[in-house]
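Each remark here refers to the structure printed beneath this line.
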Amino acid sequence: MYDVYKIRQDFPIFAKKINNKPIVYLDSAASSQKPHCVINKIVDIYQDSYANVHRGLYDLSENITYEYENARKIVANFINANSKEIVFTRNATESINLVASSWAGYYLKQDDEIVITEAEHHANLVPWQIVCEKKGCKLKIVKIGDDGSYIKEEFIKTLSEKTKLVAVTAMSNVLGTIFPIKEMTDLAHKTGAKVLIDACQFAVHEKIDVADIKCDFLVFSGHKTYAPTGIGILYAKTELLQQMYPYQTGGDMVDKVTYQKTTFAEPPARFEAGTPAIVQAIGLGEALKYMQNLGLDSIKKHETDLIRYMFEKTEQIKNFKHIGTSVNKGGVFSFQVGNIHPQDLAYVLNKEGVSIRIGHHCAEPLVNRMGYNSVARASFGLYTSREDIDSFVTAVNKAVKFF
C-alpha cells in the first residue's frame, strides 16, 4: 500500500519549517526534493570512494567506474532501452541541444520542416528556431485546444512529406496535458520523420517504454526525478547515435589521437567529452531505483487521487481559474485567482509555508497563447499529500480575503 506519510519521512526537507510553518512544497515540476538514499549515496561517494572514472586500474577508479556504468544500466531499464543508447548530459536542455547540433545540424537541409506543438518548453523550441535559421528549414507549430488538449486533426494537418523531425513534449510543464506520444510517433514515422520526446515532466508521473513508443530520441532531467542537479539523459536509437557527430570534443570521447587526425569512440562515450558528472549520474541511478521500489503504478494511482482532490478543493476558492483542463492531465496546475497578480499571491502563500511557482515557466509563447503574461503554478511530487492541498487552499483563501 502507498503510504505517503511514510514516504515523506524519506525526504529530510519536510522536517524543516518555513515561517514557522510546515513546508508545503508544490513546485516539483521545477525541481524535486531528494530522498535520504540519494543524499546518502552522494555523501558516501565523496567521503569514502571518490575517484575519476575510466582512468585508472586502481580499486577506487574501477569501483566508481562500475557504479557510473551501472547507473547507465538503471536508466536504460527505467525506459526499457539498451544501455549503449543512453548518453549522460548536463540536463535535458543539453540533451536536446546535442540532437540539434549533432543530428539536425548535419542532416537537415533547406526547406525541411520541424514540427513542434504550442505546448513546448523553451528548451524544445529555441534550439529548433536556431536550426531553422542556420539550415533554412521551416518550423511548424501544432495548435492545441483552449483547454490545453491535444487535437489529433491539427497534428495530422501540420505533418507533410517535408517533415523531418517532430519534437514534442510528453507532458506540458504549464498545462499538465499528457500527449499521446505513441500515437504521435506513429503518425510522424509514416511521413518519414524522426521523433524526439521531451519527457522531463512525464518521467516523474508516467511509465516510459521507448521500445513501445518507438521514438527516435527521448530526454529527461535528473533533478526532476528526485536526483541531483547537473545530470540529464539522452536516449537515441543505436543507428542514430552511430551516425551523429560529437557534440563536444576532448578527453575520453576519442578512439585514437595524432597531431594529424582524431577518430572517435563508439557511442555513448563519443558524446561524453571530459570528466562526466560522475556522482550526479550515480545519484540519478539511486533516485530511479527509489521510484521503481515504490512502484510507478502506485505513484500514478496516488497522483490520480490528488488530481481529483485538487479540482474538488479549488472549487471552494472564489474566482479560481484552472489554466489547462485537458482530460489527460498530470499533476501540474497553472491557475489565476481573480485579479490577484501571481507575484502577490506567491508572496502570501510563502508566508503560510506554501511554495508555488509564478511566471511563464520557460514557456512564454504557451502562456501568452492561453491569454496570460504570467501565471501561478502548483505541482505535485510523489511525496505530495491531501493535507498539502488543504494547506494550499487555505492559504489561497487568505490571499483572496487580503486582496
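The values are calculated or read from the model by the stated rules, or taken from the named source; none is laboratory data. The structure presented is a predicted model; accordingly, all values stated were derived computationally and were not measured. As a convention, Cβ positions derive from the backbone with ideal geometry for all residues, glycine included, and neighbour counts pool all protein chains shown.
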The one condition in (1) farther than 17 Å from Val332 by Cα; (2) within 19 Å of the chain's Cα centre (by Cα); (3) in contact (Cβ under 8 Å) with a residue 12 or more places away in the chain that Ile178 fails to fulfil: (1)
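Considering each residue of the range 253-272, count those that are assigned to a loop (DSSP other than H, G, I, E, B) and either basic (Lys, Arg) or closer than 18 Å to Ile45 by Cα (or both), and give that number.
Here is the first cut: in the range 253-272, the residues assigned to a loop (DSSP other than H, G, I, E, B) are 253, 258-261, 265-268, 272.
Now restrict to residues that are either basic (Lys, Arg) or closer than 18 Å to Ile45 by Cα (or both): 261.
Number of matching residues: 1.
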Criterion violated by Ile197 - all others in (1) under 29 Å from Gln336 (Cβ atoms); (2) in contact with a Phe, Trp or Tyr (Cβ under 8 Å, 6 or more places away or on another chain); (3) free of Cβ contacts under 8 Å to residues at least 40 places away in the same chain satisfied: (1)
Some residue of the range 133-146 being of a type in the set (Asp, Glu) and closer than 18 Å to Pro268 by Cα: no
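Evaluate the following for Thr275: is it of a type in the set (Val, Ile, Thr), touching a residue at least 12 places away in the same chain (Cβ under 8 Å) and surrounded by fewer than 16 Cβ atoms within 10 Å (Cβ to Cβ)? Even if it seems obvious, please write down each step before you answer.
On the way: of a type in the set (Val, Ile, Thr): yes; touching a residue at least 12 places away in the same chain (Cβ under 8 Å): yes; surrounded by fewer than 16 Cβ atoms within 10 Å (Cβ to Cβ): yes.
Against the criterion (of a type in the set (Val, Ile, Thr), touching a residue at least 12 places away in the same chain (Cβ under 8 Å) and surrounded by fewer than 16 Cβ atoms within 10 Å (Cβ to Cβ)), Thr275 qualifies.
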Sole residue being touching a Ser or Thr at 6+ places or on another chain (Cβ under 9 Å) and assigned by TED's automatic domain parsing to the domain that holds Ser101, chosen from Lys214, Lys261: Lys214
Single unsatisfied condition, Val204 versus (1) in a helix (DSSP H, G or I); (2) among the β-branched types (Val, Ile, Thr); (3) surrounded by fewer than 24 Cβ atoms within 10 Å (Cβ to Cβ): (3)
Only one of Leu159, Leu139, Leu175 that is more than 18 Å from Ser221 (Cα to Cα) and in contact with a Phe, Trp or Tyr (Cβ under 6 Å, 6 or more places away or on another chain): Leu139
Tally, over the range 140-173, of residues that are more than 15 Å from Cys215 (Cβ to Cβ), out of contact with any Lys or Arg (no Cβ under 7 Å at 6 or more places or on another chain) and among the aliphatic types (A, V, I, L, M): 5
The one condition in (1) farther than 29 Å from Lys41 by Cα; (2) within 20 Å of the chain's Cα centre (by Cα) that Leu288 fails to fulfil: (1)
Flag for Ile18 being modelled with pLDDT of 95 or more, of a type in the set (Val, Ile, Thr), surrounded by 12 or more Cβ atoms within 10 Å (Cβ to Cβ) and touching a helix residue (DSSP H, G or I) at 6+ places or on another chain (Cβ under 9 Å): no
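What residue, among those in the range 198-238 that are over 14 Å from the mean Cα position of the chain (by Cα) and of a type in the set (A, V, I, L, M, F, W, C), is farthest from Asn124 (Cα to Cα)? Lay out the reasoning, then the answer.
If we filter the range 198-238 for residues that are over 14 Å from the mean Cα position of the chain (by Cα), which is where we start, we get 209-216, 236-238.
With of a type in the set (A, V, I, L, M, F, W, C) added as a condition, the list becomes 210-211, 213, 215, 236.
Numbers: Val210: 19, Ala211: 22, Ile213: 19, Cys215: 16, Ala236: 16 Å.
My answer is Ala211.
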Close pairs (8 angstrom Cβ cut-off, 6 or more residues apart or separate chains): more than 30 Å from Arg55 (Cα to Cα) in the range 278-306, of a type in the set (Val, Ile, Thr) anywhere: Met291/Thr225; Met291/Ile299; Leu294/Ile7; His302/Val4; Glu303/Thr384; Leu306/Thr384; Leu306/Ile389
